[in-house]
Structure formats: structure tokens, C-alpha cells
Amino acid sequence: MLLESEGYEVEVATDGEDARDKVAEFLPDLVISDVVMPRMSGFELCRHLKAQTRTASIPVVLLTALDSAQDLLRGLEAGADNFIRKPYDEDYLLSRVRRILSNLDGGSGLEQSDNPLHAALTGHKLDLTADKAQIVELLLSMVEDLSRTNEELARANREIDESRGQVAEYTANLEKMVQERTEALVRAEKVSITGELASGVVAELATPIRSMVQFAELLGARDLDEDARSYVEGIARAASHCLTITEEMLAFGHGSNPRRSSLDLNEIAETTARFHASEWRDDRLELRLDLTPSLPPLQADPRQIRSMVSNLLANAREAILESGHGGLITVSTSQAGGKAILTIEDDGPGMPPEVLRQAFEPFYSTRPQGSGMGLSLCQAIVHRHGGTIRLEPRPAGGTRAVVELSFVPRSESPA
């Protein structure tokens, strides 16, 4: 027990009547009692001890959770010498015990009185036989309790202020999260609508557009004057651009769920990058590979993953060529937490924040000739594979696309 660890000899009673008998037997220097006890309350025990000549001088300290003025006066009327309000900490209890026992050793120095004091509270008359020393001690204990209560209130107020700050921060984060989720739902709805269009109208357009491309190629093979050739080449470019858009939109159709098989992400990244490197040799671009060896295989659709990598590479190339800034595209792979991570970054001008926020929206493009479908297609492919994709600015300038795919495929999600 706490008091025993401080060198005090302690007798423990199980209830009020047991305490009365043990006090009469041992005549302790101090009695510490709960107010609420079975068979005999702390008030009754105190009144009994103060009425007996042998025990009247023993100080009685009442432990109580009661804190009204009437409870205090009831204790005084019963002859209690001190109160300790619950809950209390150990240091507080020990300091009270030391002071009470010190007063016993040195004497209070205050005048004793046998004349009762009369008090009335809410119509109830009380006769207080407590001496002045007892009353002063009780008043001091009340002051200490009030001081301790004020400290607890101050601490509680500080904690409330901190909690308010945390709630405000959480609310702000929640609002931001709701906004981001809402934007994501809007984007998903746009993608869904685009998929519906792709499954119908766009499928019908693809065949005649392919025919236009073929006819333009046939015309270009003939002996034409300079004006006619420029017209044919213009038709061919326009038709090829339309064909690219329709094929990208067709990729959003409901029949484009991944056909999963075991694939090597490093192999797809390398072969796609080398293909584009040979195709872009006149652009004076450097394609650098930084592939982590021995990546576990992914269960994914090779065609869709290759298309996603190709679109991200094309996006990086266009950012560099249109701005005339930079010239390096880096493709890297790594793994972390059961996921394969593909990163494609460029050292171009980068994207403003408002462009980064809208970059994955279907049909959104800052380029006059852009379809606005490339990044949307990449996002749809990644989401169908249960992964995530994000764009972020590079510290040194440029843009970084980061794709994360689980080695163990999760359930497919709609585009």
C-alpha cells in the first residue's frame, strides 16, 4: 500500500463497523475513512469516534466524492477533522497525512472551545462542536481542494483548446478529402459516359476513318503536283489524328477488362521505351532506363500495360518538344510494400497546379492538337488493374508520373 511504503503502519477495515472496532482496539494516530461504506457511513463512524473519550482526539479524515457545502457541514457536525476529495493523487494524500500528523506533534496553537457553533443551510440547522483548530484545518483543506480543482480545470481547458485545434484540422482535412473524392467521382462519371459513347458511336466511326487513312495513302503514292500532295498529306494527318482519338476512346469500352497473365514489368517498360527511342531519334531526346532487377511478375494485361506506358512516354515527349525545354525522359521501376512501382519523368517545364488537378479528366488538354484522352486512358487501365496513378512535379523541374500495381491482383474496378 501507498502509506505502508512511506513507513506508516496501517490497519485496514472492510466496512464502517469493522473500522469502529479496530479504532477502539488499536487507538491509531489517524483515521482515514470513506464516507460511503456498508453498515456504517463515514459520517456515522466519525460521530461515534468523537463521542468516545478514548477516541475523541484521534483525527478523522473523510475521503469523499461529495462536494456540496451541505456535505462539508455534515462532516463538521460529525466532528471530522479534514476532507480529501476524490479522486486524488498519491502525492496529495501523503502531503495531507504528513501535515495532520505534524499538527498532532506540535500542537495547533489555536484556542479550543466547548461551545457549539450554530449554522443553518437550506433550512437545515446544524450544531457544530468542532474546535477552532479543526475548522481552520477544514478551511485550509477546502482552499487546497479549490486550488487543485482550478488547476484541473485549467488543464482541462488547455486540453479542450488542443482538441478544438485538432478538430479544426481534422475538419479541414475532411473537407479536402470530400472535395477530392467528389472530384474523383465526377471524373469517374465522365469516364463512364465516355465508355458508353465509345461502345456505340465511336465504334461506328472507326471503320470509315481507317478507310480515309488508306485512301489518303493510296493517293499519296500517285504522281501529284505540289499543291495536291500537300492537300493529301493534310487529309492523311487529320484522318490519322481522328483514328487515334477513336482508338483511345474505344479503350474505355465495357469490353476492355484486363485479360490477365504473368508479365515482366521491366521487359514491357524496356521494349516500349526502346521502340519509342528509335521512333524519336530525330527529336534529340534521351531515354534513360533505371530498372530494378528481379521484380516479381505481375498478373496484368500486357496489351493494356504496354499502352499505358506508351501513352505516358508520349505525354513526356510532347511536354519537352512543345516547350523546347529539357531533353531527358527517365523510366524506372522499383518495388515497395507488395507493389510494383513504375515511374516515368521528364525534365520539361512541368505542369501548373491547376493543370495537375485536371490532367486525368477526359477531353482535358492544354495542347491545341491534343485529344485529352491519353492520361484518362492511363488512369482507366491502372484502375482496372486495382492500382493507383498520380502526377507530381519534380523538384528540379518537369513532371513525374507514378504508377503503383499490386503483385497480387485485387478485384477489378470499373473505369
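Using a simple spin-label model with pseudo-atoms 7 Å out from Cα toward Cβ, GLU159 and SER262 lie 5.7 nm apart. Projected label points at ASP282 and VAL178, each 7 Å from Cα along the beta carbon direction, are separated by 5.5 nanometres.
Rounded to the nearest 20 Debye, what is the dipole magnitude of the range 309-389 about its Cα centre when Lys and Arg each give +1 and Asp and Glu each give -1 at the C-beta?
In debye, rounded to 20, the range 309-389 gives about 300.
Sort 391-400, 342-351 for me by packing, meaning the mean count of neighbouring Cβ atoms within 10 Å per residue, highest on top. Write down the numbers at each step before the final one.
Values: 391-400: 15.4, 342-351: 21.7.
By packing density, highest mean first, the sequence is 342-351, 391-400.
Measuring how big the range 258-415 is from its alpha-carbon positions, Rg and Dmax come out at 14.9, 43 Å.
The fewest-to-most ranking of HIS276, HIS383 by surrounding Cβ atoms within 10 Å reads HIS383, HIS276.
Our coupling estimate for the range 49-62, obtained by passing each phi through the Karplus curve with A = 6.51, B = -1.76, C = 1.60 and θ = phi - 60°, is 5, 6, 8, 9, 4, 5, 10, 5, 8, 6, x, 10, 10, 9 Hz, Gly and Pro reported as x.
For CYS242, CYS378, the sequence from fewest to most other C-beta atoms within 10 Å is CYS242, CYS378.
Placing a pseudo-label 7 Å from each Cα along the Cα-to-Cβ vector at GLU270 and ALA238 gives an inter-label distance of 4.4 nm.
From the convex hull of the Cα coordinates of the range 14-83, what is the mean projected area in square nanometres? Computing the convex hull of the Cα atoms and averaging its projections yields 4.1 nm².
Every number here is computed from the coordinates shown, using simple stated rules; none is lab data. Model, not experiment: these values are computed from the prediction. Note that each Cβ is placed from the backbone with ideal geometry, even for glycine, and that neighbours are counted across all protein chains shown.
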